[in-house]
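J.: Dropping a structure here in structure tokens format, bear with me for questions.
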Amino acid sequence: MKNRITDLFGIQYPIIQGGMIWASGWRLASAVSNAGGLGVIGAGSMYPDVLKNHIIKCKEATDKPFGVNVPMLYPNLEEIFKIIIDLKVKIVFTSAGNPKVWTPLLRERGIKVIHVVSSLKFALKAQEAGVDAIVAEGFEAGGHNGRDESTTITLIPLVKKYIRIPIIAAGGIATGEAMLASMVLGADGVQVGSRFVASHEASSHINFKEMVVDAKEGDTELTLKELAPVRLLKNKFYKDVQEVYRSGATVEKLKAVLGRARAKKGMFEGDLEEGELEIGQVSALITDIKSVKEIIDTMVMEFNQAQNKVAANGGILTP
């Protein structure tokens, strides 16, 4: 699977683990890297000292490349990036903000910068900022998302038409067939989030993992656009949000019902009623909790089988 993404990161497979809050600690990141993909520590739910500890432990658990995802809305950005530079992390994924401010400094230090975008407009801005690659994420994805609701199957070829740098597809990808489809559309690799939430190594609570496995079609929805769009599972908290909309939602009312640490309560502490349970539409396809190695090995096998099937049928994929 040698291509622009495997060459950029020095990895075996162009499979990138999403840097998800409350799920992407050092155990998950190191397991993904050891299995041939690129593991990513999700700094969005970590204080600086906690992130430092996770980076150190990840370095002890793998000698393979791994990255750190940093939401640009993080309040301690200077301290976070100092830790990343001091500990010689070589790959940084930025999201939820403008990469222009930090990209030059990080690249001067030999760090590869990849920015997550949800539209062509932001992809062009990221390319102009000098990033090494982009993650183009469709609105099927879990967690915080774009307001435009562009699907992955629409977004990837649109971005490919105008972007020169490598493209990583994200949103709705949990199988090798979806990986092949993304690459046919123009991606050089895929970012996988929800499938890795339902792994033994993810730091998310077992209650949350089991609810992901039990999820069916239509069990997630993109909501809270007035604050920051987020796709989550429908539970009591979700119903409380919908009640606010029915009674005339204002930003103040939505902030009040959201409160603080809602995602931690659900995803990390396992409160399935009051917690915010961020996950993608593809959860409907996830039926078991597996090890990271099983997930990656299965995706690679499915990818190869689908590719061979297309070749055997003269370039036509039949059911």
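J.: Considering only the range 27-53, how many residues are within 16 Å of Lys264 (Cβ to Cβ) and buried (at least 19 other Cβ atoms within 10 Å of the Cβ)? Spell out the reasoning first.
T.: We begin by selecting, within the range 27-53, every residue within 16 Å of Lys264 (Cβ to Cβ); these are 42-47, 50-51.
Going one step further and asking which of them are buried (at least 19 other Cβ atoms within 10 Å of the Cβ), we end up with 42-46, 51.
Looking only at that region, the number is 6.
J.: Let me confirm something: among Val116, Val135, Val190, which residue is in contact with a helix residue (DSSP H, G or I) (Cβ under 6 Å, 6 or more places away or on another chain) and not charged (D, E, K, R)?
T.: Working: Val116 fails: in contact with a helix residue (DSSP H, G or I) (Cβ under 6 Å, 6 or more places away or on another chain); Val135 fails: in contact with a helix residue (DSSP H, G or I) (Cβ under 6 Å, 6 or more places away or on another chain).
Selected residue: Val190, the only one of Val116, Val135, Val190 that is in contact with a helix residue (DSSP H, G or I) (Cβ under 6 Å, 6 or more places away or on another chain) and not charged (D, E, K, R).
J.: In the range 155-183, what residues are open to solvent by 20 Å² or more (accessible area, probe 1.4 Å) and outside any loop (DSSP other than H, G, I, E, B)? Give the derivation first.
T.: Filtering the range 155-183 down to residues open to solvent by 20 Å² or more (accessible area, probe 1.4 Å) leaves 157-158, 160-162, 164-165, 172, 175, 177-178, 180-181, 183.
Answer for the range 155-183, where residues must be open to solvent by 20 Å² or more (accessible area, probe 1.4 Å) and outside any loop (DSSP other than H, G, I, E, B): Pro157, Leu158, Lys160, Lys161, Tyr162, Glu177, Ala178, Leu180, Ala181, Met183.
J.: Just need a number here: residues in the range 184-200 that are assigned to a helix (DSSP H, G or I), touching a residue at least 24 places away in the same chain (Cβ under 8 Å) and either on the phi > 0 side of the Ramachandran plot or not polar (S, T, N, Q) (or both). Step through it out loud before you land on a result.
T.: First pass over the range 184-200, keeping only residues assigned to a helix (DSSP H, G or I): 184-185, 194-197.
From what is left, the residues that are touching a residue at least 24 places away in the same chain (Cβ under 8 Å) are 185, 194-197.
Still in the list and also either on the phi > 0 side of the Ramachandran plot or not polar (S, T, N, Q) (or both): 185, 195-197.
Final tally of qualifying residues: 4.
J.: In this structure, does Ile80 turn out to be of a type in the set (A, V, I, L, M, F, W, C), open to solvent by less than 40 Å² (accessible area, probe 1.4 Å) and on the phi < 0 side of the Ramachandran plot? Give the steps one after another, and end with the answer.
T.: Values: of a type in the set (A, V, I, L, M, F, W, C): yes; open to solvent by less than 40 Å² (accessible area, probe 1.4 Å): yes; on the phi < 0 side of the Ramachandran plot: yes.
So Ile80 passes the test.
J.: Let me ask something else about it. Enumerate the helices (runs of 4 or more DSSP H) found wholly within the range 206-319, keeping only those where 1 or more residues are under 30 Å from Ile11 (Cα atoms) and over 22 Å from the mean Cα position of the chain (by Cα).
T.: Values: elements: 206-214, 236-246, 251-258, 292-312.
Because the criterion is at least 1 residues that are under 30 Å from Ile11 (Cα atoms) and over 22 Å from the mean Cα position of the chain (by Cα), the helices (runs of 4 or more DSSP H) in the range 206-319 that meet it are 292-312.
J.: Which fully enclosed strands (runs of 3 or more DSSP E) of the range 1-87 have 3 or more residues being of a type outside the set (A, V, I, L, M, F, W, C)?
T.: Details: elements: 15-17, 39-42, 66-71.
Counting at least 3 such residues, we get 66-71.
J.: If you go through the range 188-201, how many residues are open to solvent by 10 Å² or more (accessible area, probe 1.4 Å) and either over 17 Å from Asn3 (Cβ atoms) or not acidic (Asp, Glu) (or both)?
T.: Step one: filter the range 188-201 for residues open to solvent by 10 Å² or more (accessible area, probe 1.4 Å), giving 188, 191, 193-195, 200-201.
Now restrict to residues that are either over 17 Å from Asn3 (Cβ atoms) or not acidic (Asp, Glu) (or both): 191, 193-195, 200-201.
Number of matching residues: 6.
J.: Now for a separate question. Pairs needed: first member in the range 52-72, aromatic (Phe, Trp, Tyr); second member anywhere, open to solvent by less than 20 Å² (accessible area, probe 1.4 Å); C-beta distance under 6 Å; at least 6 residues apart or different chains.
T.: Matching pairs, first to second residue: Phe66/Ala29; Phe66/Ser33; Phe66/Gly39; Phe66/Cys58.
J.: For the range 83-107, enumerate the residues that are open to solvent by 60 Å² or more (accessible area, probe 1.4 Å) and either within 19 Å of Ile167 (Cα to Cα) or of a type in the set (A, V, I, L, M, F, W, C) (or both).
T.: Lys90, Asn98, Lys100, Val101, Arg107
The values are calculated or read from the model by the stated rules, or taken from the named source; none is laboratory data. Remember, predicted model here, so these are calculated numbers, not experimental data. A quick note on method: Cβ atoms are made from the backbone with ideal geometry, for glycine too, and the neighbour counts reach across all protein chains shown. Note: accessible area is taken over every heavy atom of the protein model, side chains too, but ligands, DNA and RNA are not part of it. Shrake-Rupley method; radii C 1.70, N 1.55, O 1.52, S 1.80 Å.
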